[in-house]
Amino acid sequence: MSLTEKFFNTAGPQKADINYTIDPLTRINWEELRYLIDNQRYFLLHAPRQTGKTTALLSIVEALNAEARYTALYVNLEIAQTARNQVTLGNRTIAQAIASAARLYLNDNRLNEWLVAQPSDIDNHHLVFALLEYWSVVSQPPIILLLDEVDALIGDTLVSLLRQLRAGYTQRPKAFPQSVLLCGVRDIKDYRIHQSDGEIITGGSAFNVKAESLTMGNFSEAQ
């Protein structure tokens, strides 16, 4: 096979230079999504696996950054799944994922520098909140944060993340991201979150600032 020959890909995000693909932004309601972002909303995008969610998120980030009105960042949170109910570990793993993504994709190392300066030997249940607050204050233009694989998080780590995002909601856009998109396989209302004491809460109660739950449909016959 020639290195330039394209192939069909079902193992992760599409790369238009090597994969047969269609414009990812045609798979979503771009106008509705832009309305939510422009109006400082926090919302969800969910769909089954291998339907093109991550490819769409990456295209959204590329389109937003090309306009230069916002600073958009994609972050995959699956790496924090094993933290489970260890909130301090989960928060530091999520914060590091955000900082690393900013360094790699935005050439912004300020988050890594800030994170290194934070004590690592104490329980910290608001590290993600503090990181996003710091970044939003020092960053221009406003931040649009796209968090993928959110429903891979388990237990208190998921509860903590949702509540930190909710806590920062009133500070947007000057001291918290203007808009946050949470992406996963399920709608947040379907999350069953077990806290460390065995209590079950729903995702919605920990993230009641959600404006919309968007979904991606199956590929059409034409596509």
**OP:** Select, from ALA72, ALA80, the only residue that is crowded, with 17+ Cβ neighbours inside 10 Å and touching a strand residue (DSSP E or B) at 6+ places or on another chain (Cβ under 6 Å).
**Re:** ALA72
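Of the residues LEU182, LEU162, LEU146, which is in contact (Cβ under 8 Å) with a residue 12 or more places away in the chain, open to solvent by less than 10 Å² (accessible area, probe 1.4 Å) and in contact with a His (Cβ under 9 Å, 6 or more places away or on another chain)?
LEU182
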**OP:** Could you tell me which numbered condition ILE188 fails, if it satisfies all but one of (1) of a type outside the set (D, E, K, R); (2) surrounded by 19 or more Cβ atoms within 10 Å (Cβ to Cβ); (3) at pLDDT 95 or above?
**Re:** (3)
**OP:** Mind counting the residues in the stretch 191-216 that are at pLDDT 65 or above, among the small types (Gly, Ala, Ser) and part of a loop (DSSP other than H, G, I, E, B)?
**Re:** 0
**OP:** Provide a single number: the residues in the stretch 140-158 that are within 15 Å of VAL128 (Cα to Cα) and out of contact with any Phe, Trp or Tyr (no Cβ under 6 Å at 6 or more places or on another chain).
**Re:** 8
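Pick out the one residue from LEU162, LEU132 that is within 16 Å of the chain's Cα centre (by Cα), of a type in the set (A, V, I, L, M, F, W, C) and at pLDDT 95 or above. Show your work before the answer.
Details: LEU162 fails: at pLDDT 95 or above.
None of the others qualify; the one that does is LEU132.
For the structure I just gave you, tell me whether GLY90 is open to solvent by less than 30 Å² (accessible area, probe 1.4 Å), free of Cβ contacts under 8 Å to residues at least 40 places away in the same chain, of a type outside the set (Val, Ile, Thr) and at negative phi. Break it down stepwise before answering.
On the way: open to solvent by less than 30 Å² (accessible area, probe 1.4 Å): yes; free of Cβ contacts under 8 Å to residues at least 40 places away in the same chain: no; of a type outside the set (Val, Ile, Thr): yes; at negative phi: yes.
So GLY90 does not fit the description; no.
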**OP:** Quick one: count up the residues across the stretch 109-134 that are open to solvent by 80 Å² or more (accessible area, probe 1.4 Å) and aliphatic (A, V, I, L, M).
**Re:** 2
Original post:
Which condition breaks for GLN171 when tested against (1) without any contact (Cβ under 8 Å) to a residue 40 or more places away in the chain; (2) crowded, with 17+ Cβ neighbours inside 10 Å; (3) more than 20 Å from LEU58 (Cβ to Cβ)?
Top reply: (2)
**OP:** Just name the residue that is surrounded by the fewest Cβ atoms within 10 Å (Cβ to Cβ) out of those in the stretch 50-67 that are of a type in the set (S, T, N, Q) and over 13 Å from ILE28 (Cα atoms).
**Re:** GLN50
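Step by step: first the residues of the stretch 27-54, then only those that are within 13 Å of the chain's Cα centre (by Cα) and in a helix (DSSP H, G or I), then the one that is farthest from VAL185 (Cα to Cα). Which residue is that? It would help to see each step written out before you state the result.
Our first condition is that a residue be within 13 Å of the chain's Cα centre (by Cα); within the stretch 27-54, this holds for 42-46, 53-54.
Retained after the next criterion (residues that are in a helix (DSSP H, G or I)): 53-54.
Details: LYS53: 9, THR54: 11 Å.
My answer is THR54.
The values are calculated or read from the model by the stated rules, or taken from the named source; none is laboratory data. What you see is a predicted model; the values in this text were computed from it and never measured. Methodologically, a virtual Cβ is constructed for each residue, glycine included, from the backbone with ideal geometry; neighbour enumeration extends over all protein chains shown. SASA here: full protein model, heavy atoms, side chains in, ligands and nucleic acids out. Shrake-Rupley method; radii C 1.70, N 1.55, O 1.52, S 1.80 Å.
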